[in-house]
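For reference, the structure discussed in these notes is given below.
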2 protein chains.
Amino acid sequence: MPNSEHVKLEAYLKERGQKVTKARKAVLRAFMELEGHVTADSLFAAAKKIDPGIGQATVFRTVKLLAEAGLAREACQDEGARTYEHAFRHSHHDHLRCERCGTIVEFYDKTIESAQEVVFKQYGFVAIGHKMELTGLCADCARRGI
Amino acid sequence: MPNSEHVKLEAYLKERGQKVTKARKAVLRAFMELEGHVTADSLFAAAKKIDPGIGQATVFRTVKLLAEAGLAREACQDEGARTYEHAFRHSHHDHLRCERCGTIVEFYDKTIESAQEVVFKQYGFVAIGHKMELTGLCADCARRGI
DNA sequence: GTGATATTGATAATCATTCTCATTTTGGAG
DNA sequence: CTCCAAAATGAGAATGATTATCAATATCAC
Ligand SMILES: [Zn+2]
Ligand SMILES: [Zn+2]
Ligand SMILES: [Zn+2]
Ligand SMILES: [Zn+2]
């Protein structure tokens with residue numbers, strides 16, 4: 001039962017003369033089953049449940065491949081391990097992070113997005129993308145005091 | 001000739017019962033002499049010219065201290081080594097980075113800054129700060145083609 | 001099926017940063 | 001100024017995420 005993510009990955013691979021392998025299919029399946037912001041490590045754990053023999057290096061390689069194929073996207077991140085999130089049918093957004101409890105809220109702000117376009121133009125840049133993370137204290141943590 | 005940066009650092013240290021040391025003074029001096037976005041490594045090199053015996057760990061510790069004291073600030077960074085920039089008398093701004101040549105342009109956009117405040121309020125967050133980096137191709141790189 | 005080629009998984013290597021700890025500095029009290 | 005507890009230092013080891021290496025294996029166009 002090939003779903004559209006697998007179709008998209010296979011199309012991407014074929015187009016570049018790359019191979020559709022057991023490991024890649026397992027990583028994609030694991031990735032699609034996870035939600036939110038996923039580290040290579042949690043993806044490794046999930047992928048091992050599907051294909052116990054899979055190697056860590058392969059997971060690192062494959063999640064990067066998923067990003068190139070437009071199925072995953074790096075989530076803005078300050079410290080520690082890199083995180084990825086679904087990019088297919090999960091449109092662009094930015095993040096609001098609570099410094100106390102780590103809660104992450106996704107948001108999309110039209111005003112900011114269009115102001116960014118203006119900045120690109122102002123400096124003669126051709127836009128590729130952006131990363132923005134707002135940090136603060138969520139309502140709960142603020143109420144509980146610092 | 002104590003300048004205001006040294007005064008500020010010493011005040012910060014005294015207030016917290018910490019000591020004003022040769023190494024800390026050397027790192028601050030080196031930092032003030034450098035411009036733009038500084039890595040711990042380049043700061044280490046610069047500090048060694050002032051105090052040849054200084055250790056790398058001390059530079060890492062001290063630049064972090066400078067950030068706490070409000071003299072340095074982390075510059076938004078995707079890969080590789082963390083970078084710091086002057087925070088004292090160098091007001092807040094965000095960055096525009098060319099993916100081809102690495103050029104970094106600093107900018108400040110009032111519209112974005114105030115829209116961020118609105119987002120914080122919308123989600124009930126108490127604002128602490130933000131990191132934003134726009135990536136694209138600078139005029140030169142865009143002209144030369146990809 | 002065959003073979004050229006891409007991929008894999010185990011392992012070692014990298015590299016920025018942090019930790020450890022014995023030794024040295026600092027700064028306030030006397 | 002001297003003494004000393006506390007803080008800081010520097011050398012080197014440790015960490016932890018990510019990459020590189022490479023012999024063995026899997027894939028796929030023919
Ligand atoms: Zn919170
Ligand atoms: Zn997200
Ligand atoms: Zn450029
Ligand atoms: Zn800057």
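Quick notes on this one:
- Picking from residues in segment A:52-64 that are crowded, with 16+ Cβ neighbours inside 10 Å and either under 12 Å from the mean Cα position of the chain (by Cα) or more than 22 Å from B:GLN77 (Cα to Cα) (or both), the one that is nearest to the other protein chains (Cβ to nearest Cβ) is A:VAL63.
- Sole residue being within 12 Å of chain A (Cβ to nearest Cβ), surrounded by fewer than 16 Cβ atoms within 10 Å (Cβ to Cβ) and polar (S, T, N, Q), chosen from B:SER114, B:SER91: B:SER114
- Of note, A:HIS95 does not satisfy the criterion of being within 16 Å of ligand 2 (Cβ to nearest atom) and either over 22 Å from B:ALA127 (Cα atoms) or among the aliphatic types (A, V, I, L, M) (or both).
- For B:ALA81: the one exception among (1) closer than 30 Å to A:TYR84 by Cβ; (2) more than 10 Å from the chain's Cα centre (by Cα); (3) more than 9 Å from DNA strand C (Cβ to nearest atom); (4) not aromatic (Phe, Trp, Tyr): (3)
- Whether a residue is in contact with a Lys or Arg (Cβ under 9 Å, 6 or more places away or on another chain), within 13 Å of DNA strand D (Cβ to nearest atom) and outside the structural domain of B:GLN116 (by TED's automatic domain parsing) was assessed, and B:LEU71 does not pass this test.
One line per residue, one yes/no per condition, for (1) assigned by TED's automatic domain parsing to the domain that holds B:GLY55; (2) of a type in the set (Val, Ile, Thr); (3) closer than 14 Å to B:HIS86 by Cβ:
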site	(1), (2), (3)
B:LEU9	yes, no, yes
B:LEU13	yes, no, no
B:ARG16	yes, no, no
B:VAL20	yes, yes, no
B:MET32	yes, no, yes
B:GLU35	yes, no, yes
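- Among the numbered conditions (1) touching a Cys at 6+ places or on another chain (Cβ under 9 Å); (2) within 15 Å of ligand 4 (Cβ to nearest atom), the only one that B:ASP109 does not meet is (1).
- The C-beta contact set for segment B:124-146 (first residue more than 7 Å from chain A (Cβ to nearest Cβ), second residue modelled with pLDDT of 95 or more and surrounded by 17 or more Cβ atoms within 10 Å (Cβ to Cβ), distance under 7 angstrom, 6+ apart or interchain) is empty.
- The lone exception for A:VAL105 - which of (1) in a strand (DSSP E or B); (2) assigned by TED's automatic domain parsing to the domain that holds A:GLU15 it fails: (2)
- Picking from residues in segment B:57-85 that are closer than 21 Å to B:LEU13 by Cβ and polar (S, T, N, Q), the one that is nearest to ligand 4 (Cβ to nearest atom) is B:THR62.
The values are calculated or read from the model by the stated rules, or taken from the named source; none is laboratory data. Just so we're clear, the structure is a prediction, and the values are computed from it rather than from any experiment. Heads up, the Cβs are rebuilt from the backbone with ideal geometry, glycines too, and the neighbour counts pull from every protein chain shown.
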